[in-house]
Amino acid sequence: MRAAVYGAGGSKSHELVVKDVPDPKPGWGEVRVRVRVSGVNPTDWKAREWSARNLPWPEQIPNQDGAGEIDAVGEGVDPSRRGQRVWVYHAARQRPNGTAAQYTVVPSAQAVHLPEGISFSQGAGLGIPYLTAHRCLFGDGGVQGRTVLVSGGAGAVGHAAIQLARWAGARVITTVSSEEKARIASDAGAHGVLNYRDADFREKLKAAAPGGIHHVVEVALGANLEAMLPALAPHAVIWTYATEEKDPVLPVRALMTNNLSIRGMLVYGLTAQMLEDGVRDVTAALRAGALEPLPEHRFTLEQTAAALDAVKKNAVGKVLIDIP
Ligand SMILES: NC(=O)c1ccc[n+]([C@@H]2O[C@H](COP(=O)([O-])OP(=O)(O)OC[C@H]3O[C@@H](n4cnc5c(N)ncnc54)[C@H](OP(=O)(O)O)[C@@H]3O)[C@@H](O)[C@H]2O)c1
């Protein structure tokens, strides 16, 4: 099969080449997916840059997310899954066969039936962003009737969080830094969209949530914590899922006196049950027509390196690779 690969040791081990490699075979409990579209996330370029020299196997095919059809099943998997349209998550998590290839092999549960009418392109954008957004929203129970703040509402996780929160019956306020991003966040269904660079952002945030914000999905805790504090309701919970250059200093007194919580979240550490809950709800939201894809940037398999670079350079929208 054709695949993009990096690795094989040496100082240039992060270099990506597209070449012929042997087709992977599904083992016990696994399925093989003929990938049609590979979705790129920040984790994919970070893995390439940070782990290429320390791979536990000679070569790595990048990208966790994708979509396609199951074309072969291993022992222990219902053979009727053959031919099923699926979206794939965690394909490169502790595995050599990511989705930037004609075939990938994953445990059966990581190839999720794609509801009718949902395109491979949308499916390839679900994995990391939606499973992350789902846990950050529902990790403490439901958000129905709650006011949710989603920082960075035009980002992949932020965009997913707005739509899942709306689907679950929350009132959603989101932040962006430009008009273009404001349109994306607004199209996703946010009730309020604020520019966090505005001089009077704090006042606007407080005014947008007169009853206080109950729940936060946060992409930049250190940058935003101080400004959001006056707008938080007592007992609010902040879910933080991204790192910044420097760890923030926490305002312990304000957290204590208002009974506020900060919770960390890493999608690779979710339990099987948490992932199953995410898959169930994402599928229900797709079936309900509640999820729209981000604007797309499309690349060919030969352009995989450029696709990863586009994500690293903060492309606005979803970066996708068409697999031949
Ligand atoms: N913990 C996990 O399991 C997990 C899972 C997925 C992603 N992540 C990490 O989360 C980060 C975002 O991922 P993504 O896929 O959503 O990336 P993305 O699509 O590039 O979106 C990032 C968004 O954050 C916004 N942003 C940056 N600084 C901000 C600030 N101070 N306030 C509000 N918004 C801000 C950006 O827009 P502006 O700069 O224009 O505001 C951008 O829209 C990455 O670092 C990724 O590695 C972690």
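Computed FRET efficiency, Cβ-Cβ of residue 227 and residue 34, R0 51 Å: what is it to the nearest 0.05?
Approximately 0.60, to the nearest 0.05.
Can you tell me the accessible area per residue over the chain, all protein chains present, probe 1.4 angstrom, in square angstrom?
Normalised by residue count, the accessible surface of the chain is 45 Å².
If you project the alpha carbons of the chain onto the principal axes, what extent comes out on each, in Å, largest first?
Between the extreme Cα coordinates on each principal axis of the chain lie 58, 45, 34 Å.
Using alpha-carbon pairs under 8 Å, 6+ residues apart, how would you state the relative contact order of the stretch 256-324 in percent?
Reported as a whole number, the value is 28 percent.
How big is the Rg/Rh ratio for the stretch 132-268, C-alpha atoms only, Rh by Kirkwood, two decimals?
Computed over Cα atoms, the ratio is 0.92.
Within the set 181/313; 46/313; 12/246; 181/318, which residue pairs have Cα atoms separated by over 18 Å?
In this structure, 12/246 lie more than 18 Å apart at Cα.
Give a residue-ordered list of calculated ³J(HN,Hα) values for the stretch 262-279 (Karplus: 6.51 cos²θ - 1.76 cosθ + 1.60, θ = phi - 60°; whole Hz; x for Gly, Pro).
Result, rounded to whole Hz: 10, 10, x, 8, 10, 4, 6, x, 5, 6, 4, 5, 5, 5, 4, 4, x, 4.
Please list, by residue number, everything in the stretch 114-138 whose backbone N is under 12 Å from a paramagnetic label point 7 Å out along Cα→Cβ of residue 292.
none
Just to be sure I understand: of the beta bridges DSSP finds with both ends in the chain, what percent are antiparallel, rounded to 5?
Among the beta bridges of the chain, antiparallel pairing accounts for roughly 55 percent.
Explain nothing, just the number: relative contact order of the chain, from Cα pairs under 8 Å at least 6 residues apart, as a whole percent.
Over the chain, the number comes to 18 percent.
So for the stretch 191-324, what are the equivalent ellipsoid semi-axes in whole Å, largest first, each being the square root of 5 times an eigenvalue of the Cα gyration tensor?
They are 32, 20, 17 Å, listed from largest to smallest.
Considering only DSSP states other than H, G, I, E and B, which chymotrypsin sites (Phe, Trp or Tyr not before Pro) in the stretch 28-101 qualify as loop sites with at most 13 other Cβ atoms within 10 Å?
Those satisfying the criteria are 28.
Tell me what the chain gives for mean residue ellipticity at 222 nm when only DSSP H runs of n ≥ 4 count, each as -39,500 (n - 2.57), the sum divided by the residue total, rounded to 500 deg cm²/dmol.
It comes out at -8500 deg cm²/dmol, rounded to the nearest 500.
Heavy atoms only, probe 1.4 Å: what % of the accessible area of the stretch 193-320 goes to carbon and sulfur, would you let me know?
Answer for the stretch 193-320: carbon and sulfur cover 53 percent of the accessible area.
Considering only protein heavy atoms, what is the solvent-accessible area of residue 85 at a probe of 1.4 Å, reported in Å² to the nearest 10?
Spelled out: residue 85, probe radius 1.4 Å, area about 80 Å².
Pick out, in residue order, every one of the GluC sites (Glu not before Pro) in the stretch 38-77 that is DSSP loop and has at most 10 other C-beta atoms within 10 Å; say none if there are none.
Loop-located and lightly packed - 75.
The values are calculated or read from the model by the stated rules, or taken from the named source; none is laboratory data. Keep in mind that this is a model prediction, so the values were computed, not measured. FYI the Cβ positions are ideal-geometry reconstructions off the backbone, even for glycines, and counts take in every protein chain you see. Keep in mind that these areas ignore ligands, DNA and RNA; they rest on the heavy atoms of the full protein, side chains included. Shrake-Rupley method; radii C 1.70, N 1.55, O 1.52, S 1.80 Å.
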